[in-house]
1. Among B:ASP27, B:ASP54, which is the only one that is of a type in the set (Asp, Glu), surrounded by fewer than 19 Cβ atoms within 10 Å (Cβ to Cβ) and under 19 Å from B:LEU176 (Cα atoms)?
2. Within the stretch B:474-484, work out how many residues are on the phi < 0 side of the Ramachandran plot, in a loop (DSSP other than H, G, I, E, B) and within 20 Å of the chain's Cα centre (by Cα).
3. Looking at B:PHE97, B:PHE93, B:PHE72, which one is surrounded by fewer than 20 Cβ atoms within 10 Å (Cβ to Cβ) and among the hydrophobic types (A, V, I, L, M, F, W, C)?
4. Are any of the residues in the stretch A:368-377 within 14 Å of chain B (Cβ to nearest Cβ) and in a loop (DSSP other than H, G, I, E, B)?
5. Would it be correct to say that A:ARG263 is modelled with pLDDT of 85 or more, surrounded by fewer than 18 Cβ atoms within 10 Å (Cβ to Cβ) and within 16 Å of A:PRO226 (Cα to Cα)?
6. Restricting attention to the stretch B:69-90, does a residue exist that is hydroxyl-bearing (Ser, Thr, Tyr), within 14 Å of chain A (Cβ to nearest Cβ) and closer than 19 Å to B:ARG762 by Cβ?
7. Scanning the stretch B:33-46 for residues that are more than 7 Å from every other protein chain (Cβ to nearest Cβ) and either within 21 Å of the chain's Cα centre (by Cα) or crowded, with 23+ Cβ neighbours inside 10 Å (or both), which turns out nearest to A:ILE318 (Cα to Cα)?
Amino acid sequence: MRKDLGVILTYPPEILFGFHGIPRLIMNIIKGAHNKGYNITIITPKWSEKELETLLTETLGENYKNIDIITTARIPPVLHVRYYLFRMQKSLKKGSFLSVIFQKVQNKMEIVVVRLLGSHNFSKFFAACLLLLFFSPLFILYFLEQYTLKKRNIPGKQNTDHGSLKREFSDYFEKFSDPAKLLKLFYLNEKIFSELLRQENKNIVKITEKQRENIPYWLITTPFWPDLTKNIKNSTVICPDVVIRDFAVSFEREDFGEKILNRKDDIRRTLQTADKIICFSEYVKNNQIIASFGNVDLDKKISVIPHGHINLSDELEIIKPFHSMNKVEQWDLSKQIINTYTRQMTSNEYLANFDFSGTRFLFYSSQIRPSKNIPALIKTLHRLLHHKHEPVKLILTGSPGNASIMKLISDLGLQRDVIFFSGLPTRVMAALYHQAILAVNPTLFEGGFPFTFSEAYSVGTPSIMSRIPVVEEFITDPDLQKVMLFDPHNIDDMVERIYWGIHHRDELYNLQKPLYDRLKNRSLAQVAQEYIDVVNHVD
Amino acid sequence: MKSRNKRVLWLINHKTLTEFEPELLLDLGFEVYIPKLFPQTIENRSAGVTYEFDHNLTIPSEVLHRLNGFNFYTDKITPRIRRDMNEYFHILFVSNFPFMLQEIFTHFEGHIIFRVFGHAQDITYSGTLEQILGKGFGDTIETLGDRFHFGIAYKGIELIEPPYLKNRELYLPIGLPERFFQRENKYTGNDNRLLFICPLIIESPYYKHIYSLFKHDFSDIPHIIGGWQSKKVDDPSVLGQIEREEFDQLLVNMKVMYYHSLEPRHIHYHPLEAMALGMPVVYMEDGMLGRLKESVNQPGSCKTIREARKKIKRILEGDTALINSICTEQKRLLKIFTYEFCRDYWERNIIPLMENEIPPASEKGQKIAIIVPAPYKTGSFDAAKLHAKMLKTLSEKMNLKISVVFYYLKGNYDLNKDFNELRENNICFQEFEWEAVEKKVIEHILQIQGRLVELQYPIYYLPRDQKQDLLDCDLWIFVSDTMMYPPAPLRRYGIIIHDCLSRYFTEYQNPDVLNGRTNSARGADFIFTTIPATRDDIISYHGISSERVFVLPIEFDIPPEDQERKTENKENFFIWPTNKSPHKNITRAAEALLLYYLTGGRLKTVITGFDVEDLDVTIEKDETKLLTQVQEFRKLVRENKILRKNIIIQKNLPKKIYYELLQKACFLWYPTIRDNGCLCTPEAGFFRTPVLSGENAQMRYYDSFYKMNIEFFNQYSVDEMVSSLHAMEKIWEKKQAMLPSNDFFLSRMYRNCYPDYYTIVREIL
């Protein structure tokens, strides 16, 4: 019998790239289903195609070709303009094309002109003069270029051309050549995004109709698109949480603003029109979904599927399996991966040449969201440094965009001790997990037992984490709870637990083994089968 | 001959080579070290690790352990590894890894054999390395002189290289491991297909091209394609990843091998392996295999693809005569790959190197510059003088072959007074200035010098003294990291860093200054500090390998003439040595003092220090120009008569007077939030004055190192500061009685710590 799984992956442009949270979960389900021999079809907007291929390659290697990817017809023109401007901005940042050309012309010119000018022959000398005259516009352009696109100030040297004509001209030129300013014209605000997605979702519905004969059931990976659930028959939607309800203030103030109500309405309508809903814990089912939008029908169509085990050690197998190496080799491999990655960060002088081999750090792999409790973790770091005399750093994987978090870091003087590695390739993430002194998860809320635990443990690093309901659903041993869980609302407790963990790393690792072994038993294939059973309406 | 001369660092991890060359070296009487770590990338798929040769090494186990934990391919050579290499090894083999070559050139003082196996087409080693390492590559080789050898595996590799490589050619023929010959005539040829080897078809454009050519020319002939593939190739004839045993079985079973190479200066192992096993190999005459003199009249050799196809078809059709003739004749080709043939050349070429003595730089004597990089008058300036004197002491007492020059940044110094100690110790002192220059200037200078150093920053500081600009010194040691730009790496340099306050105080986080400090520290060969907690901060704040940061003894020293105790009587005060910097916690301290006196505190406070004049409210100051914390301190004192009555300010006292005051104080109060610890602590202990201090890792270290039984308090809490002052008022005598003896303090004075200092300095010289 033909075994099929249909997945609809609809994200705004450039979101998949971070490979956090749900995209990571979906990839693992796909991996599990692939290993069980399912034919997998993914429908996604054209703009996500490359990102999706990258994720699938990272997840399945060459086997990613076995997955059928169906995209919408084309990337909307507004996105083309946006991409073009981004590319232009990047290339100008790197060092301008013009400067390379002019440098070459100048070098060649210099050789010829110097030879001719130094000649004893009068005709050659005059030829040189003519050449100089002929090429003078080039010199002017070169001159302009030197003073516009390249860095104008050499540190330690005084800039003496303030107010000069040359300077004014170059300022004008610079304004003209700054795509960041042009980019603002094409900035994709929420309204354009919404319209893009609305139209794209229509196209996706059409594709599912064409595929209906082969794939009668569809898994929709995010609960934000009622247009999809309403128009696609037999749809199952993943609802990780309704976290905006518990963190309404932060989400309104920091993430969504006035659009928060639309977001809530989208979730409500998506859940109401979906045929089935999957969430990851009883807590989310009862305390968030039903508590927010509850009615009898909703209760019946929700299935709880806990996360499976994620083993990151596979990511650290290049020539030989990670666990076949001795500790020195494992450490050295991680160091090589991290150093290779940081050396590419040429725009960040501090990190580009950073040697992490002797640096102890806490690691938290997560997006920056109000529910992730990152400010508390930053304050904890400050206390560890100042009051516990622990010279550790904190590495986060989210994007450093949140103004209040950046202000907190700046106020506490931790700009160098809180490091953001956003958009990390999985292999680098695995290497960072391995080198971390501890994986820390201070979250105030998660939809399921955090991935971070098995991600870290699978490469040899123990975790300290929040005492929250979904965690307590899993960690039931009171002794283990006592050593590895802290109250995420209590910074004293966080400091004490993390401090203890830093100084009892091996002991903690051993204590967490039974928990890891239990999680390990829940394979990706098993989790994938549970998803497929729900999606394909197997009762 | 020294035992060192018999040791070889064979920094090559190629699996098949490991089976031959190290064995040969052992046979010639050498001990061989092979690295245990290498880059785990698909390019190094042929690399491996063996511990087999470690047993023969007569080096200390901790040295072996250290070498085994070091990745020569990716890591900058650390001071200890440099010492291990130069102290225990005389000859070094390195293959074509540009970063490793650069590091070896800079740090290894023995014979360097650049082991080469030939490039594809007309690509030269000089060309590729000059492109990666810079034009200075050739100058560097020339500077290495007779210590550098271009260790060619095949004759002819050197012919297309420039004189700086060609003239240093050392022929060390490559051989086949014995096990290949042991399986001679195992060939059966039962599988009537052609075997072709082509690795990395997907990743490598070079091999992809070879694969395409093969497919174009031979796709109609039944074949299979071996070779390591990290990605699946969409071609059923490509085997992909197979184990060694399976590959060996292929060599036994397959009917014939085709070797495609037209490279004039490189041979792969696999055709030779096949020949050794007895399998017929059809190869191209234009390739290196066909150009060997043993290749004359070889029936397996082909001029054209057409000829090769013809011969392969005949073999597959079972032409026994051709098979036998190829198999018989091709054995002649293997002669130059036999152990006996290679040993002869290796013995002739390597043994003279073993006997050629090269004295290590440390034995030649080194000139060390102690440099004060900023216009300091106290603090780092005093510390620099102490280090200069210490190095002088080492040269005299430990027979270390070094001389010391003291450099200070041009500034307002009193030439008579400020340098007296140096004069008395016969240490030459000189003025210098910084010149900020662009990277290309340093590139030019390095090329003139014939040195290869990676330059990572756009601007460098060049020290200028209008003489040799410090190039007459072998090693530069900067006492302080206060530099806007990293010093030009024209010489190996170290930095003495006394604190890492910028990590803890936003007031010290000016990004430009910080970047200058960090980049300077990262360019340093080594960093000295005095407290383990500061070392940890330097490592993780500046991002530096822990193997480069060393802890020296604390710079506590009291000159003999000041050591005499003038009084046994304590007076009614405690002493607070401080300055007006943010980390000194003076606002909170003033609040604590106010509460202390308001709640009946009986002891007066004597404040002393370099710049405490600003704290004195009896001296009129333009308040707006003062630091915030100084303004707050003055405001509190001005507004509270009780503070004015009890606080006495003694600015910048001469050392003698300060020591007298210290002796009279009931205790020393140190409410600083954090710094590198307080040198006044052991001084106080020496003069029988106990210490009441804020708690931080540095002061905890002082406490354990000097066994002072310091009384600690929480310097972040005014209340706790007050209660601890009251408590100390009652217990200072008890604390005084617990202080160690003067002899103990004497034994830990800097001047008496030179053996400890020597142990560390020896590592970096």
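1. Result: B:ASP27 is the single residue among B:ASP27, B:ASP54 that is of a type in the set (Asp, Glu), surrounded by fewer than 19 Cβ atoms within 10 Å (Cβ to Cβ) and under 19 Å from B:LEU176 (Cα atoms).
2. The number of residues fulfilling the criteria is 2.
3. That would be B:PHE97, the only listed residue that is surrounded by fewer than 20 Cβ atoms within 10 Å (Cβ to Cβ) and among the hydrophobic types (A, V, I, L, M, F, W, C).
4. No, because not a single residue in the stretch A:368-377 is within 14 Å of chain B (Cβ to nearest Cβ) and in a loop (DSSP other than H, G, I, E, B).
5. no
6. The answer is yes; a qualifying residue exists.
7. B:PHE38
Residue by residue, here is whether (1) touching a Leu at 6+ places or on another chain (Cβ under 7 Å); (2) assigned to a loop (DSSP other than H, G, I, E, B); (3) under 19 Å from B:ASN585 (Cβ atoms); (4) modelled with pLDDT under 95 holds:
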residue	(1), (2), (3), (4)
B:HIS726	no, no, yes, no
B:TRP732	no, no, no, no
B:PRO755	no, no, no, yes
B:ILE760	yes, no, no, yes
B:GLU763	no, no, no, yes
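The values are calculated or read from the model by the stated rules, or taken from the named source; none is laboratory data. Model, not experiment: these values are computed from the prediction. Every residue, glycine among them, receives a Cβ derived from its backbone with ideal geometry; neighbour counts consider all protein chains shown.
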